1. Over every pair of different alpha-carbon atoms in segment 124-236, take the mean of 1/r and invert it; report that Kirkwood radius in Å.
2. What is the antiparallel percent of DSSP beta bridges lying wholly in segment 124-236, to the nearest 5?
3. Taking only DSSP H segments of four or more residues, each worth -39500 (n - 2.57), what value at 222 nm results for the chain once the sum is divided by all its residues, to the nearest 500 deg cm²/dmol?
4. Just to confirm the filter: which GluC sites (Glu not before Pro) across segment 208-241 are DSSP coil and have at most 15 other Cβ within 10 angstrom of their Cβ?
5. Which GluC sites (Glu not before Pro) does segment 28-78 hold that lie in a coil by DSSP with at most 13 other beta carbons within 10 Å?
6. Quick one: dipole size for segment 142-204, taken about the Cα centre, charges +1 on Lys/Arg Cβ and -1 on Asp/Glu Cβ, in debye to the nearest 20.
7. Of all beta bridges DSSP finds with both residues in the chain, what is the antiparallel percent, to the nearest 5?
8. How many nm is it between the label spots at His96 and Glu48, if each spot is 7 Å from the Cα in line with the beta carbon?
Amino acid sequence: MNEFHSIEEALASFKKADNEQTFEMNVTLFKQYLKQDGMSAEGIKEFERRAYYLPNEYSKKDTQERMMVARERVISYIEQFLDNEESNILLQVLEHYDLFLENLIERDPNKRAGIRKEQLSALKIENEYDVQHLLFAYLKPLYPMARTEVNQDMGYATVRTDISLDSETVIEVKCTRPSMQLGKLKEEIAADMIHYSEKNIYFFIYDKEKIIKEPQIFKKTYEKMVKEKNIHITIHQPKIL
């Protein structure tokens with residue numbers, strides 16, 4: 001092998017590396033891959049730090065054990081890298097939800113289409129169940145294993161997730177209503193952060209009533225609230241629907 005073509009390929013190769021020569025070759029190839037992918041010098045140094053081990057010139061067995069420890073550090077680094085990449089993709093998808101709605105509702109159908117403009121214009125989002133229904137349809141082709149209304153037995157109570165992507169990732173949908181105060185929304189989000197057992201929690205807030213006055217400050221506040229979990233906030237304040 002002269003080069004890695006993907007992070008997944010590199011990860012699989014490191015998992016199979018059971019000797020110093022193979023491990024060192026993988027380290028060299030992965031550094032080349034990171035440079036070609038535009039990784040910062042700091043990021044490459046972090047990888048080198050994790051891949052480093054000091055050979056014991058008097059004990060081949062000890063050297064092998066040190067190499068295996070370094071290998072596990074590298075595997076952990078790459079898996080974390082993959083998790084971050086997947087998270088960024090999902091965030092982009094959620095951020096572009098408004099483009100899906102605009103093209104669904106505002107773009108005129110072909111004149112020969114059976115769907116009429118007035119039929120699409122009649123579609124209105126009234127509550128979070130409407131948001132959840134459309135969001136699930138938007139996500140399902142990209143995440144075929146996604147499920148809705150999944151119950152979790154937490155021992156003391158049953159928690160129902162709005163959209164579950166996998167065992168570690170859940171999307172909680174919120175839709176503001178005329179009677180909702182900002183304090184109520186904050187209370188619901190804080191409670192959900194605690195109740196969900198998943199490591200990755202994405203809050204999709206459809207702020208129909210525009211009760212969030214400073215969206216960026218709101219995002220930063222709640223994304224840093226729970227250190228043990230990865231909290232992400234996406235806020236849409238729609239012009240239509």
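Every number in this text was worked out from the coordinates using simple rules, so none of it is lab data. Since this is a predicted model, take the numbers as computed values, not measurements. Virtual Cβ from ideal backbone geometry, glycine too; neighbours counted across all protein chains shown.
1. When all Cα pairs of segment 124-236 are included, the Kirkwood radius is 14.6 Å.
2. Expressed as a percentage, antiparallel bridges in segment 124-236 total about 40.
3. -16500 deg cm²/dmol
4. Glu209, Glu228
5. Sites meeting the loop and neighbour criteria: Glu57.
6. I would put it at about 260 debye.
7. Around 40 percent of the beta bridges assigned by DSSP in the chain are antiparallel ones.
8. 3.6
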